[in-house]
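Only one structure is covered here, and it is reproduced in the block below.
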Amino acid sequence: MKTGQMTLDEELVDAVDRAVKKLGTSRSAFTREALKNALNNLRVETLERRHREGYARYPVEADEFSDWESEHVWGSE
């Protein structure tokens, strides 16, 4: 692991300290987890944006999935 230095607002540090006390963890562990979550959220947002852009470039055409309509019948017996 590497050690890094950050400048944080005092209120944020106080909030983190309260959270880590409740969770029984450390500032470092809490911050690592928060950064991992933030990076994962960024990855998901990027994939979702690319997905939307793809559909904007190549929108679904009318009846594109009509061949599968009969496969979506639920509970008919």
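What percentage of the solvent-accessible surface of the chain, computed with a 1.4 Å probe over protein heavy atoms, is contributed by carbon and sulfur atoms? With neighbouring chains kept in place, the figure for the chain is 52 percent.
Please compute, over every Cα-Cα pair in the stretch 1-41, the percentage with a separation greater than 13 angstrom. Result: 59 percent of Cα pairs exceed 13 Å.
Compute the accessible area per residue over the stretch 1-58, keeping the other protein chains in place, probe 1.4 Å, unit Å².
Details: 5590 Å² over 58 residues.
Per residue, the stretch 1-58 has an accessible area of 96 Å².
Once you have all Cα-Cα distances for the chain, histogram them in 10 Å bins from zero and send the whole-percent values. It works out to 13, 24, 19, 15, 13, 15, 1, in whole percents. Between the helical axis of 10-23 and the longest alpha-carbon principal axis of the chain there is an angle of about 80 degrees.
The values are calculated or read from the model by the stated rules, or taken from the named source; none is laboratory data. Only a predicted model underlies this, so the values are computations on that prediction, with no experimental measurement involved. Surface accessibility is based on the protein's heavy atoms, side chains included, excluding ligands, DNA and RNA. Shrake-Rupley method; radii C 1.70, N 1.55, O 1.52, S 1.80 Å.
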